[in-house]
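Sending over a structure as structure tokens; questions will come in a sec.
The values are calculated or read from the model by the stated rules, or taken from the named source; none is laboratory data. Computed from a prediction, not measured in an experiment: that's the story for all the values here. Counting neighbours? That spans all protein chains shown, and the Cβs are built from the backbone with ideal geometry, glycine included.
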Amino acid sequence: MSKYFISILIGLLPVLANAQEESINLQQKDTVEYKDQYGLRVGADISKLVLSFMDEDYTGLELVGDYRLTHRLYLAAEIGNETKRQDENLNNTVLYDYETSGSYIKAGVDLNTYENWYGMNNAITIGGRYAVASFSQTLNDYSLYDTEQFFNSTFLPGANPNREYEGLSASWLEFVVGAKVELFANIFVGMSARLGFLITNTENENFPNLWIPGFNKVTDGSNFGVNYNYSISYFIPLYKKSKKKEEENGQ
């Protein structure tokens, strides 16, 4: 019996020697792939909706959207319509009373600078937009300063009230800083601050463009304007893209 056992042991020696030559890898390979969601996010600027209910001289609606192009880069756009009535008074005299109404569209990109943990979709973004607006203005009422009476100068009513100026337009560039937070599953709240620079401003020679839809107030002698938006949006997942989870040392 021992003779057969010795013979079997001698026969297994080459196999055991060959097995010892091969290194044993005790580290478990991470073969798990994690997938990021890609899709379209659409929503509305809630600040314009609230202001429309609170201010009888303003009506506005802005739709917002973005599409995830890469891990950090998003295509983004806003489209809206605004109507705003304003007046300027001096000593209970109406200098001018006008209403601006029109539409605008903005398009550009956002870059997400925030590195999410896996499963999170929050964003802190910087980006830019190119924007165009088409609008009209109605000069409801205005007054003229009478300079002929040296000692008793007065304001006289304008001769042609309710004058409408159509075919007005403007274009500008916007630098955008914003943030979006996933409040619930696929539901985001966001805000952004925008610094605009007017490129073109087509206006009537009889009455300047004092306010532009989508741009906000036009300051005399300056091409810069400031705007804000506060949005709520819904993310529509379209597909998933694999991304290997990066593991840090010690975690």
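For the range 120-128, state whether one or more residues are over 28 Å from F207 (Cβ atoms), surrounded by fewer than 19 Cβ atoms within 10 Å (Cβ to Cβ), at pLDDT below 90 and under 30 Å from the mean Cα position of the chain (by Cα).
Within the range 120-128 (the criterion being over 28 Å from F207 (Cβ atoms), surrounded by fewer than 19 Cβ atoms within 10 Å (Cβ to Cβ), at pLDDT below 90 and under 30 Å from the mean Cα position of the chain (by Cα)), the answer is yes, since at least one residue qualifies.
For E88, indicate whether it is at pLDDT below 95, among the charged types (D, E, K, R) and loosely packed, with under 11 Cβ neighbours inside 10 Å.
So E88 does not fit the description; no.
Yes or no: D110 acidic (D, E), over 19 Å from G167 (Cα atoms) and loosely packed, with under 15 Cβ neighbours inside 10 Å?
No, not satisfied.
How many of the residues making up the range 214-228 are assigned to a loop (DSSP other than H, G, I, E, B), under 27 Å from L63 (Cβ atoms) and either within 16 Å of the chain's Cα centre (by Cα) or acidic (D, E) (or both)?
Total satisfying the criteria: 2.
Another question about this same structure. From (1) modelled with pLDDT of 95 or more; (2) assigned to a strand (DSSP E or B); (3) not β-branched (V, I, T), pick out the condition that doesn't hold for K48.
Only one criterion is unmet by K48, namely (2).
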